[in-house]
């Protein structure tokens with residue numbers, strides 16, 4: 001059987017090395033730019049590595065517009081440093097492009113812009129819209145069999161679930177048992193100005209998705225050994241209806257003085273903090 | 001006024017059905033108003049390409065963006081006020097910023113809102129949609145133009161907003177009419193003043209011009225079926241030729257046709273502009289015509305306002321005052 005494009009083989013150790021490298025690229029990117037959402041980019045690292053190096057089918061950096069590719073939407077678009085680093089690592093553009101992050105004229109805008117950067121399936125930046133866009137993509141996959149029954153993965157923040165539109169989309173897809181869509185919640189427990197609180201505990205979030213008619217489970221969001229099979233199972237399960245995976249993560253994961261701290265939601269490290277941080281993450 | 005023709009919503013609904021075979025990529029999304037906006041006609045003819053989205057405009061607009069990113073050309077047809085205001089951010093980010101070919105039908109545009117009162121009268125939709133980069137904004141005058149502009153919207157590579165009316169409107173254009181994007185149409189020649197109108201108000205502008213003609217005033221009537229891109233050249237030419245513009249719109253006086261005209265002539269050919277439309281206030285319940293009359297938007301009131309403005313302008317010119 002020929003290997004499917006987009007599913008790279010490799011040992012668990014290799015994936016973990018990629019995760020370390022991704023953290024390093026995120027820290028380089030936000031430190032150089034002097035801005036960026038460091039905490040939420042570090043919490044999504046393993047999810048991005050699992051998707052871009054194992055789970056997403058038919059993605060091709062040489063042909064980012066390939067019609068039958070699985071789609072990925074970063075609904076929490078402010079964590080763009082993580083996505084850009086993942087795309088660079090996967091070969092969509094050279095790592096040197098990360099140096100222009102958020103600069104005038106750069107394709108790597110502060111929030112992902114499908115008109116400027118390769119590999120962005122839809123522009124995001126206003127929280128709450130990505131799941132609806134994903135529902136539209138899943139409807140298109142259903143209507144047009146020539147697109148090969150691709151899957152759409154939407155990565156949401158846990159704080160983002162406070163946006164009502166998320167539940168408009170959840171209600172629509174759940175009521176319809178819409179196939180082809182997987183929501184992944186980066187449940188890092190911290191939003192801009194405060195912890196997210198008990199109503200957004202991972203199990204409560206999973207219950208909510210189930211109430212809306214989605215299959216849902218909680219997974220350890222930094223354990224690639226658990227995350228890859230969970231995402232694969234979600235991809236498979238999405239063949240018969242919508243699936244939500246709630247990933248239990250840590251904001252600022254990998255850097256001791258950033259972990260679980262609100263202040264690292266939207267801040268870049270200074271020179272001294274950067275030096276300490278890259279020492280901790282390796283990569 | 002001439003005998004009423006068919007309503008734009010009927011023409012729009014029929015146009016979707018008529019275009020469907022020629023545009024297999026076209027789909028229709030409905031936030032539960034299909035019997036009002038007449039996309040029910042499309043639902044009956046092409047049920048597999050019709051999506052009942054429930055009462056959730058924001059989700060419908062972004063779902064349409066997702067579909068458009070996969071090669072479909074979706075229409076979202078809803079009440080104008082809930083598209084332009086409730087789903088403004090979704091249109092701004094997921095549709096306009098992404099530059100995707102989502103087509104928006106703002107049904108029940110302006111006042112004739114089925115007696116919905118303040119909450120249902122869309123008198124700011126043109127202002128909102130005009131402010132979106134890359135958005136084409138269309139305000140057809142009658143049923144024939146609504147149908148033709150639905151076609152025009154499909155031919156545009158990016159997003160478009162097509163404003164249609166609920167009520168029956170007099171026919172201005174025949175079925176063969178093919179409007180040109182971004183081009184105002186001269187409905188009547190004139191030299192003393194020019195009336196610039198959009199949508200359903202163009203028929204009223206023509207009637208106002210006829211009233212003025214009986215009083216010896218020659219009024220040019222320009223119909224702006226495209227609000228954006230705005231035909232600045234036609235407005236500026238009218239300003240140079242006539243020296244007084246009167247804008248008439250089924251919309252607030254700020255942000256719509258009158259604002260677009262002022263912006264255009266202020267930069268090219270400054271002249272006096274009298275803007276007729278709704279004030280900076282919410283509308284209220286009542287018969288449509290009673291509300292139009294209250295705000296000076298009947299043909300007779302338009303003519304009277306234009307005549308007063310012309311006298312005032314001539315008096316000031318004669319005195320040499322600014």
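Need one number for the range A:46-111: average projected area of the convex hull over its C-alpha atoms, nm².
Numbers: hull surface 18.1 nm².
Averaged projected hull area, Cα only: 4.5 nm².
Share of antiparallel DSSP beta bridges in chain B, in percent to the nearest 5?
Working: 8 of 43 bridges.
Taking every DSSP beta bridge within chain B, about 20 percent pair in antiparallel fashion.
Report, to one decimal in Å, the Kirkwood hydrodynamic radius for the range B:91-180 based on all distinct Cα pairs.
With all distinct Cα pairs of the range B:91-180 included, I get 13.8 Å.
Place a point 7 Å from the Cα of residue A:210 along the Cα-to-Cβ direction; which residues of the range A:125-168 have their backbone N under 16 Å from it?
No residue qualifies, since no backbone N sits under 16 Å from the label point.
Could you tell me whether the range B:4-170 comes out rounded, prolate or oblate from its Cα gyration tensor? Rule is a ≥ b ≥ c as square roots of the eigenvalues, rounded for a/c under 1.5, then prolate if a/b exceeds b/c, otherwise oblate.
rounded
How well do other chains shield peptide A:166-174, expressed as the mean number of their Cβ atoms within 10 Å of each residue Cβ?
Averaged over the peptide's residues, the number is 4.
Given the C-alpha centroids of the range A:196-244 and the range B:1-48, what is the distance between them in whole angstrom?
Between the Cα centre of the range A:196-244 and that of the range B:1-48, the gap is 39 Å.
Per-residue Cβ counts within 10 Å, from other chains only, averaged over B:50-58: what number is that?
The shielding value for this peptide is 4.
Would you mind telling me the antiparallel percentage of the DSSP bridges in the range A:12-281, rounded to 5?
Of the beta bridges lying entirely in the range A:12-281, close to 5 percent run antiparallel.
Quick one: among B:308, B:105, B:250, which has the greatest mean-square fluctuation in a GNM of chain B with alpha-carbon springs under 10 angstrom?
B:308
Let a ≥ b ≥ c be the square roots of the eigenvalues of the Cα gyration tensor of the range B:135-286; is it rounded (a/c under 1.5), or, if not, prolate (a/b larger than b/c) or oblate?
rounded
Over chain A, calculate the relative contact order: mean separation of alpha carbon pairs under 8 Å at least 6 apart, over the residue count, as a percent.
Across chain A, relative contact order equals 24 percent.
Calculate, in whole percent, how much of the Cα-Cα pair population of the range A:137-184 lies beyond 15 Å.
49 percent
Calculated from DSSP H runs of 4 or more alone, at -39500 (n - 2.57) each and per residue, what is the 222 nm mean residue ellipticity of chain B, nearest 500?
Theoretical 222 nm ellipticity from helices: -11000 deg cm²/dmol.
Taking the highest mean first, how do the peptides B:47-53, B:123-129, B:239-245 order by number of other beta carbon atoms within 10 angstrom per residue?
Values: B:47-53: 16.4, B:123-129: 25.7, B:239-245: 19.9.
Answer by packing, highest mean first, reads B:123-129, B:239-245, B:47-53.
Just to confirm my numbers, what's the Cα centroid distance between the range A:254-278 and the range A:44-104 in Å?
Answer, in whole Å: 23.
What does the C-alpha gyration tensor say about the overall shape of the range A:158-260? Classify as rounded when a/c is under 1.5, otherwise prolate if a/b is larger than b/c, or oblate.
Oblate, since a/c reaches 1.5 and b/c is not below a/b.
Wrap a convex hull around the Cα atoms of chain B, take a quarter of its surface area, and give that in square nanometres.
Spelled out: convex hull of the Cα atoms, projected over all directions, averaged, 15.5 nm².
Go ahead and set up a Gaussian network model of chain A, Cα springs under 10 Å, then flag whichever of A:115, A:82, A:174 fluctuates most.
In this elastic network of chain A, the residue with the biggest mean-square fluctuation among A:115, A:82, A:174 is A:115.
Under the definition of Cα pairs under 8 Å and six or more residues apart, what whole-number percent is the relative contact order of the range B:4-170?
29 percent
If I take every Cα pair under 8 Å that is 6 or more residues apart in chain B, average their sequence separation and divide by the length, what percent do I get for the relative contact order?
RCO, chain B: 16 percent.
Give me the distance between the Cα centres of the range B:216-232 and the range B:72-146, rounded to whole Å.
21 Å
What's the average, rounded to a whole number, of partner chain beta-carbon atoms within 10 Å of each residue's beta-carbon in A:136-146?
6
Can you tell me the 0 to 90 degree angle between the C-alpha axis of helix B:57-68 and the longest principal axis of chain B, rounded to 10?
With rounding to tens, the tilt is 70 degrees.
Most mobile of B:28, B:17, B:137 per a Gaussian network model of chain B (Cα springs, under 10 Å)?
Taking springs between Cα atoms under 10 Å, the residue moving most is B:17.
Could you give P(r) for the range A:12-281, binned at 10 Å from zero, as whole percent values over all Cα-Cα pairs?
8, 33, 39, 18, 3, 0
Which percent, to the nearest 5, of DSSP beta bridges fully inside the protein assembly as shown are antiparallel?
So the antiparallel bridges amount to about 15 percent of the total.
Every number in this text was worked out from the coordinates using simple rules, so none of it is lab data. Because the structure is a prediction, the values reported are computed rather than measured. Positions of Cβ are generated from backbone atoms using ideal geometry, with glycine treated the same way; all protein chains shown enter the neighbour counts.
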